[in-house]
Amino acid sequence: MFVYHEAIYERQELIQIAYVLMATVRAVLMVLELLMLARALISWLPLPEDSPVENFLWTVTEPVIAPVRALCDRFGWFEGLPIDMPFFLTFILLSVLSALL
């Protein structure tokens, strides 16, 4: 009887840990989406090249976009388009991943 209750307690503890991990990942994805949205909006503003806000947004979001950008460049996808498609694809991938969690 004691072993049964201990197993239930351990299972509940694992479920709580999984919930916290999923909530943390979901929060990180949401923050990344917001930062990417801010980067997209700021790109339309006439800011100086050394703008600290733009530099911060680029520094935080580009490592997430870079793998998609490299894949698109390697296969020559979306060349010549006036829209930054790797940025757009990364945003969609983050949104889908967030929705799946």
On the given criteria, is F56 assigned to a helix (DSSP H, G or I) and among the aromatic types (F, W, Y)? yes
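Out of region 68-80, which residues are in a helix (DSSP H, G or I) and surrounded by fewer than 12 Cβ atoms within 10 Å (Cβ to Cβ)?
First, the residues of region 68-80 that are in a helix (DSSP H, G or I): 68-75.
Hits for region 68-80 are A70, R74, F75.
Sort out which residues of region 36-53 are more than 9 Å from the chain's Cα centre (by Cα), hydrophobic (A, V, I, L, M, F, W, C) and not in a loop (DSSP other than H, G, I, E, B), and write them in order of number.
Going residue by residue through region 36-53, those that are more than 9 Å from the chain's Cα centre (by Cα) are 37-53.
From what is left, the residues that are hydrophobic (A, V, I, L, M, F, W, C) are 37-38, 40-42, 44-45, 47, 53.
Correct list: L37, A38, A40, L41, I42, V53.
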Against the conditions (1) closer than 17 Å to S98 by Cβ; (2) of a type in the set (D, E); (3) modelled with pLDDT under 95, where does D50 fall short? Just the number, please. (1)
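The values are calculated or read from the model by the stated rules, or taken from the named source; none is laboratory data. Small disclaimer: the values here were computed from a predicted structure and weren't measured. Heads up, the Cβs are rebuilt from the backbone with ideal geometry, glycines too, and the neighbour counts pull from every protein chain shown.
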